[in-house]
Structures are given as structure tokens and as C-alpha cells.
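First up is the structure itself, then whatever we jot down about it.
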Amino acid sequence: MGDVAMTVPVIKTLLDQHPEVEIIMVSRPFFKPLFENLPRVKFIGIDLNKDYKGLPGLFKLFNFLRRENPDAIADLHDVLRTKVLRNLFKLSGFKVAVIDKGRQEKKALTRPKNKVFKALKTTHERYADVLRTLGFTIDLQKFKPLTIDVPSSVSLFLQNFEGQKIIGIAPFAAHTGKQYPLDKITSVIRLILKESTDTNIVLLGSPAEKTALNQLEAIDRNRVVNIAGVFSFSEELALISKLNVMLSMDSGNAHLAALYGVPVISIWGATHPYAGFAPFGQNKKWQLIANREKHPQLPTSIYGNKTFEGFDKIWESIAPEEVAKKVLNTL
């Protein structure tokens, strides 16, 4: 989800700076709400496991998309499927540009030995470079946060916190190497509730994480609310847009909150902002990064799926008190 969410500020900035441009965004149907509030964007949701499965499905998809008669093709993904698609368009005479993911640079950043520890180009700028290759100027520094209509279901929910502050906490990630331990998150929540009496906490996660989030909700059911599985994706985006601050791992929720200009406190373990995946437009002071002097193996991977013996000790360098303080200082 994070990769798709990161395209949004780039596409919005392109549309703002080029009012003559129209975009056809092709992605999985789930992501449609991310683009619904953007003008001049036609979203096409495709099911790669059903309607466009395998190589025959890609030919079918190519023929379907070709009927849209685009002026150019921007491949922002550069995986096997998109390689096939873009080459079909290229062979048919369409102008094509593809993202440079900097794979070798990222390998150098994350390898265990002879690590080259330096900040790489952000993913947002890599997306923008694809559009620049197609002839568009684009200045991401002029990005304006998205606005979103709040449905009645979310408005009714927010009435419970009227006149108070709302902190979103998304404590999970796709890989445990990016996930601040649950006992430390528990401590963070207790500290926040103790230090700020007019603050409430909304817990975000997938329905599969609901049971674990219920344990955090039990800390104080009057002020901590688990919304996993309660709202649709579209409704959840509207709720996120109304948060005072988001506390997230290096995960999709950080990128979602950034779209609406919500301050994001992000926690980094196996991964690092230098890889280029930090949430857009956020203050670097809001990044809490595990200590590399004590653990020079970090970062171990781009996606957080690689750890090492004794990895759990990295979290000792990010104290719950420090996390809670960062969150409270943004309110």
C-alpha cells in the first residue's frame, strides 16, 4: 500500500502544476479511494488474479488500455508485469518512461558488509523523474495536502472526541523487523494518556490485527478505540485526515497520514529513511531511528524482512518515553 500511496502527492502536484493534464491510474481496485479526490484522474481497477491473469491476461489488459489512447505511459512500478505492458506499448509506438528504483544503491545501503551508508533519492522524486522524462516539469516542494469529504459515519464517530485531540497509532507493519514491540507501544500509550488528559487514541490496523489491538484498547476503553475492521478504506482515509498526529512504523499508514498534512512520528528498526521511503513532507525530527552506532548492521533491508541474531536489542535505543514525548510535542 505504501508504494501506491507515495504516488499520490506526485500525481496531485503534476495536476496542480499542469491543468491541461489528465491521468489514467491503473492499479488494484482496493486503492481507488486514494485517487477519488484528485481532479482529472480516471482510475481503472484491475484484478490480476482473475480478469488479467498470466501472460494472456497482460495482452488482454494491453488491448483494453490501448483503447484509452494515452499520449504516454509512465511505469512507476518496474516489475515483470509492468515490463511486459510497457514494452507492448513501446512496440506499438507509444512514448514510455520507467522508474529507476536504484536497486544497486539500495543493495549497497542494506548489505551486511562494506555498507555504503548515505541518503538515496526519495521514492517520491523517483516517481517525479518518470514524469520529467515524459517532458513535464514538476516541483514537489509546492505540494498541497489533499482534502477529503468526511462521510456521515466518520463525522458521527468524531463527535465522541469533540473539543479533544486525537492521536492515531498504527503499531503493526508487514514485517516484524519494522515493528516496535507491543509492550513498548503499551508503555507509550500509558505515558500519553497520563501526560495529556484531553487526548484520545485511535488504533489502526487490518482486521487480522484486531485481536492484538483489542489488548491495547483495554488499557483505557474510554480513551483508546480500536477501529480495525470498523470502517471501509475510504472512511478510514477520512478519519486519518482529521487526526492531530499519527504514530506509525515504517508502514502504509505513515504515508496515508502524510497525504493530508497530518504530522507523522515514524519508528524505524530494520529499515532506514535513507532508502527513500520516508512519509512525504515530514519533519526529519519526527523520525525515531534505532541506534546505528550500537548496531552498524542497520539497515538490514528495504522492506524490513531481514534481521540478525540479537535483533530485538535494537529497540532499547528507542525508549517509550522518547516516543511519547515526540508525539505529545506535535499536538
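Quick notes on this one:
- Of the residues making up segment 301-311, not a single one is open to solvent by less than 40 Å² (accessible area, probe 1.4 Å) and in contact with a Leu (Cβ under 7 Å, 6 or more places away or on another chain).
- Within segment 258-271, considering residues that are touching a strand residue (DSSP E or B) at 6+ places or on another chain (Cβ under 7 Å) and of a type in the set (A, V, I, L, M, F, W, C), the one surrounded by the fewest Cβ atoms within 10 Å (Cβ to Cβ): 262
- Filtered by the rule that a residue be aromatic (Phe, Trp, Tyr) and under 15 Å from residue 202 (Cβ atoms), segment 214-273 gives 231, 260.
- For segment 227-255, a residue qualifies if it is of a type in the set (A, V, I, L, M, F, W, C) and either under 15 Å from residue 147 (Cα atoms) or out of contact with any Leu (no Cβ under 7 Å at 6 or more places or on another chain) (or both), and the qualifying residues are 230, 233, 237, 238, 239, 240, 243, 246, 247, 249, 254.
- Whichever residue in segment 111-134 is open to solvent by less than 60 Å² (accessible area, probe 1.4 Å) and touching a strand residue (DSSP E or B) at 6+ places or on another chain (Cβ under 8 Å) and, among such residues, is farthest from residue 33 (Cα to Cα): 134
- Per the conditions (1) in a loop (DSSP other than H, G, I, E, B); (2) surrounded by fewer than 14 Cβ atoms within 10 Å (Cβ to Cβ), the sole criterion not satisfied by residue 101 is (2).
- The criterion of at least 2 residues that are crowded, with 18+ Cβ neighbours inside 10 Å is met by the following strands (runs of 3 or more DSSP E) wholly inside segment 1-85: 23-27, 72-75.
- Among the residues of segment 272-299, the ones that are surrounded by 22 or more Cβ atoms within 10 Å (Cβ to Cβ) and over 13 Å from the mean Cα position of the chain (by Cα) come to 5 in all.
- Qualifying residue in segment 43-64 (condition: touching a residue at least 24 places away in the same chain (Cβ under 8 Å) and closer than 24 Å to residue 277 by Cβ): yes
The values are calculated or read from the model by the stated rules, or taken from the named source; none is laboratory data. Bear in mind the structure is a predicted one, so any value in this text is a computation, not a measurement. Please note: Cβ atoms are built from the backbone with ideal geometry, for glycine as well, and neighbour counts cover all protein chains shown. All accessible areas refer to the heavy atoms of the entire protein, side chains included, with ligands and DNA or RNA removed. Shrake-Rupley method; radii C 1.70, N 1.55, O 1.52, S 1.80 Å.
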